[in-house]
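Step one of this worksheet: look at the structure below.
The values are calculated or read from the model by the stated rules, or taken from the named source; none is laboratory data. Here the structure is a predicted model, which is why all the values come from computation and not from measurement. Don't worry about glycine lacking a Cβ; one is built from the backbone with ideal geometry, like all the others, and counts go over all protein chains shown. Quick note on the areas: whole protein, heavy atoms, side chains included, nothing else; ligands and nucleic acids left out. Shrake-Rupley method; radii C 1.70, N 1.55, O 1.52, S 1.80 Å.
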Amino acid sequence: MGPLEKLLLVLCALCGGSCGASVLIIPGEVGGQAVLPCSPIAENTKSVAWFMENPKKDLLTCNKDASSNPRYSRLNGSSLVISDLRLEDEGLYSCQNCSDTTDAVAQIQLKIASGPHNITFLIYPTKILPNDPPTSYMACNVENTGAPSGLSLTCSWLNGYPSPHLKWENNGYLLSNGTSDTLVVTLNGSQYDNGQKFTCSGNYLMANEIKKETCDVHLGYPMPQSNALRTCLKGENVTLSCSVSGDNPPAVIAWLRNLSNPNVEIQSGTKYQIVQINKVSYLTIVNCSKEEDEGHYICMAQNGVATREIYIWLDVRKPHNIVGLVSAILILFLIVVALIIGTVLYCDPQLYIKANPFRKGATEVLILVESEEEDELQEVGHSVVSTQYTDAETSSPATANGNVCKHEVLFHSPPDNIIPDLLIEVSEETGGENVEEDL
């Protein structure tokens, strides 16, 4: 059998052995020979007729042992042998037992192939790959596979030829190894503890030395953090936040509602809006309702190594009358200011006569006395209020005798038994001072 016949046999095998339900494909090559067996008929049966279909042509008849065409002959009584194959021999063939009255059934497809001949193959490398070691650093990382506890450890040491030998180990136990630029191993993360270390080692054989590199991966449990209590005013929006730290590989953050149905994950939509930025997830609840939204919310972080949850209680309250509260505070403030102003007007001695309406009908006297008369005036009565000061005129250094006279200012209502001469003297002194001031 020639190479083309073998090729056709391979194609036939790939097609399942036939092109139809009851058709057997026989390959042949131009100039070669093909043997077509009559499968339903046992061998050594001499009375077998062969036909070629489309167009109909008798090859071997029942009343003749040989054909008029020497290229057709019998083999073992029932098989048809075609010699010196030609392209026109390709087609559908059928056989019939001469002792059987049933019609002949097409059962063999002959395929004829021709060329190519004298084929020459030229194989050469497209580029030269020298034996240099990897120029990059070895890199290790761990990722989720998508399964509940599936982890994928990846170790890469690129840009080397040929590829280095890599291996993954855990506490001295070999997990996987191979000669490649990248080595991946799949683990069940639930079997390992927090901080578990995995080491990837790489060896590259050089001419005179062995280059080695290592890198580590540490697994980490996710630790979610959030405020345990949040408050929302009825009808408004509130945003809950949840941050995750310590996770390796990175955790997937999900939000759940209430303890009664903890496996139902909240989906982002019109009522709930979920946004994640880096390792922080934000859940916004639109139009808070005490009946529907108050209760526990669960922030769940899962990274294949462990699953951790944190609970947040949302308290929904009715909004307060802010306008009424501000108005009440403003009124109280104005009342306090009015009381302070009234107290100042009532008690300030400088506004004693002009601005105090409660003392309008009282008689007030300003008395200036010398220091030697002080003892005499101390006996006037308990209604006298005294204030000691330094006279403005005596504060000037240009005095006649260089002495500073010290006076006392007395504000009081004069009693009935005051000495008349004293009142006249005070009035004269006061009048004289007023004239000097006018001048």
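Structure notes:
- Cα-Cα pairs of region 54-143 separated by more than 23 Å (percent): 54
- Cross-link table 279/318; 167/212; 167/279; 57/111, entries beyond 23 Å C-alpha to C-alpha: 279/318; 167/279
- 3J(HN,Hα) couplings calculated from phi for region 76-87 with the Karplus curve 6.51 cos²θ - 1.76 cosθ + 1.60 (θ = phi - 60°) are, in sequence order, 6, x, 10, 7, 9, 10, 10, 9, 6, 4, 10, 5 Hz; Gly and Pro show x.
- Cα gyration tensor shape of region 225-310, rounded if a/c is under 1.5, else prolate or oblate by comparing a/b with b/c: prolate
- Residues with amide H under 5 Å from that of residue 113, placed H, sequence gap 5 or more: 28, 29, 30
- Accessible surface calculations at 1.4 Å, restricted to protein heavy atoms, place region 110-265 at 61 Å² per residue.
- Distance (nanometres) between label positions extended 7 Å along Cα→Cβ at residue 119 and residue 280: 6.6
- Under 5 Å between amide hydrogens, built in the peptide plane, is the criterion, and for residue 48 it picks out 98 among residues at least 5 positions away or on other chains.
- Quarter of the Cα convex hull surface for region 177-287, i.e. its orientation-mean projected area (nm²): 10.8
- Cα-only Debye scattering, region 137-238: base-10 log of I(q)/I(0) at q = 0.20 Å⁻¹: -0.99
- What the Cβ-Cβ distance of residue 145 and residue 182 gives, at R0 = 22 Å and to the nearest 0.05, is a FRET efficiency of 0.85.
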